[in-house]
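Each remark here refers to the structure printed beneath this line.
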Amino acid sequence: MKNCSWMATERFFEGVQHAKNYATFRPRPSEQLTERIVAYLKEKYEGQLDLCVDVGCGNGQCSTPFAHHFHKVLATDVSSAQIQVANALVHPVNVEFRNCTAESIPATAGSTQLVNASTAAHWFDLPVFFQEANRVLCSNGVIALSSYGLASHVFIHPAKSAELHQALVHFYCERLGSFWGTGNRHVYHEYANIIVPFAEITREEFWTEEVSTTLAEIAALLETAGPYQNYCRSKSDDAAGRELLDEFITNCQRVLETQKQPERLKLKWKRKYFLIMGRKP
């Protein structure tokens, strides 16, 4: 993979339509991810699971899986549009959404067993966020940070996996590389440069099962990416972004030697999640 350049743009997912697209096309977290986080928490915490705070929750995709483990899930996001969309969706009754920053968690000191951030921590003011997480966590409580990289997806194809991956890398890293925000660098390096300030930490990774999708769905997922949104804003023209997506679609069709419409072009791929967990003493 070639090196990418970055620019500092920290706020994405602000518009309601973008938040709706995010809810529709961003993948749901793997059950394996949720279960591993809860299992790690229970290794040393033996009390009731009263409160999980899911920070940077978006529309609640990663909040809901924790609902049956905890008495309450408090899901927060800086984007009012994301919270608006979240409240319009169906979620378990014990999930509450709040519009606030990651650096100001609306929970009392020592009240929380888990502070979770899925595909979000790379946009936080991490030193301040870690202070807040430490404040609200109880003894033996856990902070969990996880994500996946769009360009690290692996296509499953009998003969064209590598070429399809190169088309994805060309779009996301080479064509959009100069429009990355600083948080994308954390994701690109799989959170290797994020240090959770607890003595006990673990870093893990795992792959999802193969997922069936279409080329159109992949393009819609890429459209939700912050660098793509930056690109469109820089051009002041959504049509320019559409041309870039069409270029990606054409490249994939060329690799597969087909003219099938993206909606009919079926593909399989899988993604890698990386996870950092730290335990408060």
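The values are calculated or read from the model by the stated rules, or taken from the named source; none is laboratory data. Source: prediction; values computed, not measured. FYI the Cβ positions are ideal-geometry reconstructions off the backbone, even for glycines, and counts take in every protein chain you see. The protein model used for the area step is the full one, side chains on, heavy atoms only, and it has no ligands, DNA or RNA in it. Shrake-Rupley method; radii C 1.70, N 1.55, O 1.52, S 1.80 Å.
Which pairs have Cβ atoms under 7 Å, sit 6 or more apart or on different chains, and link a residue in region 175-197 that is within 20 Å of A117 (Cα to Cα) to one that is at pLDDT 95 or above and assigned to a loop (DSSP other than H, G, I, E, B)? Filtered contacts from region 175-197: H186/I194.
Residue count for region 110-133, restricted to those that are under 16 Å from V73 (Cα atoms), of a type in the set (A, V, I, L, M, F, W, C) and not in a strand (DSSP E or B): 1.
Kindly indicate whether any position in region 126-143 is of a type in the set (F, W, Y) and more than 22 Å from A219 (Cα to Cα). Explain how you work it out, then say what you get.
Step one: list which residues in region 126-143 are of a type in the set (F, W, Y), which gives 129-130.
Now drop any that are not more than 22 Å from A219 (Cα to Cα), which leaves 129-130.
Within region 126-143 (the criterion being of a type in the set (F, W, Y) and more than 22 Å from A219 (Cα to Cα)), the answer is yes, since at least one residue qualifies.
Here Q84 meets each of (1) assigned to a strand (DSSP E or B); (2) in contact (Cβ under 8 Å) with a residue 40 or more places away in the chain with one exception, condition (1). For region 43-101, a residue qualifies if it is in contact with a helix residue (DSSP H, G or I) (Cβ under 8 Å, 6 or more places away or on another chain), closer than 17 Å to F124 by Cα and surrounded by fewer than 18 Cβ atoms within 10 Å (Cβ to Cβ), and the qualifying residues are R98, N99. Would you check if there is a residue in region 103-112 being modelled with pLDDT of 95 or more and crowded, with 24+ Cβ neighbours inside 10 Å? Yes, region 103-112 has at least one match. Among the candidates F171, F155, which residue alone is open to solvent by less than 10 Å² (accessible area, probe 1.4 Å) and touching an Asp or Glu at 6+ places or on another chain (Cβ under 8 Å)? Sole residue among the options that is open to solvent by less than 10 Å² (accessible area, probe 1.4 Å) and touching an Asp or Glu at 6+ places or on another chain (Cβ under 8 Å): F171. Inside region 134-185, residues that are within 19 Å of I105 (Cβ to Cβ), among the β-branched types (V, I, T) and assigned to a helix (DSSP H, G or I) make up a count of 1.
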